[in-house]
Amino acid sequence: MFITLRNVSESVNVTQPKFRSVSAHVSFQSHVQSPDNNFAQSPELLSMAQPGGSVRESSRLHIDDLKVTSGRLHINAPGTYFVYSSMHFKPRVGTFGYKLWEHNISLNRENRPDETLAHSCHSCFTDCDREVHTSYTGGVFQLRHNDLVYVNVTSKDLVAFDGQASYLGLIMIASSDGA
């Protein structure tokens, strides 16, 4: 079996895919929250809530054969991955200062500038008439050993830190021998 995959920056050939149980599903949390517990007040990097929290959360969250480094999923095993993310935005209805907000899945690779793997953009040109906007994005990517995968958003104060709606996940589809 021979498959050609197209990545943002390169083409990669994968032969004889092998199964390896590598996956993660993590939600986002804010270290600083407003009194209504919905909006982050700090523009700091989104941090991941890891397994071991509440019973409700821990049933969904997991990290298998990966680690979290500075709010990023650290890839240990090179291969082809399906990477996905959802962000739950809660703009304040009525007086809304933002006109455009973005949700990106990004890649940090040694000795290379960060690159956007997947991108989603939302807008509100007049008064926002909806209280909730959910962004979904994802794709299939060739990842290498020591790659760091993370989510960044503009307007972090609009993110609803709800583990059911704001998350990052990935699953290895096929392993590869090269890095």
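Of note:
- Meets criteria (among the hydrophobic types (A, V, I, L, M, F, W, C) and modelled with pLDDT under 80) for L66: no
- Cβ pairs under 8 Å, 6+ apart, first in the range 70-82 and within 15 Å of V140 (Cα to Cα), second surrounded by 23 or more Cβ atoms within 10 Å (Cβ to Cβ) and among the aromatic types (F, W, Y): I75/Y81; T80/F141; Y81/F141
- Here the range 125-152 is the region considered, the condition is being part of a loop (DSSP other than H, G, I, E, B) and at pLDDT below 90, and the residue that is surrounded by the most Cβ atoms within 10 Å (Cβ to Cβ) is C128.
The values are calculated or read from the model by the stated rules, or taken from the named source; none is laboratory data. Small disclaimer: the values here were computed from a predicted structure and weren't measured. Glycine also receives a Cβ, built like all others from the backbone with ideal geometry; neighbour counts cover every protein chain displayed.
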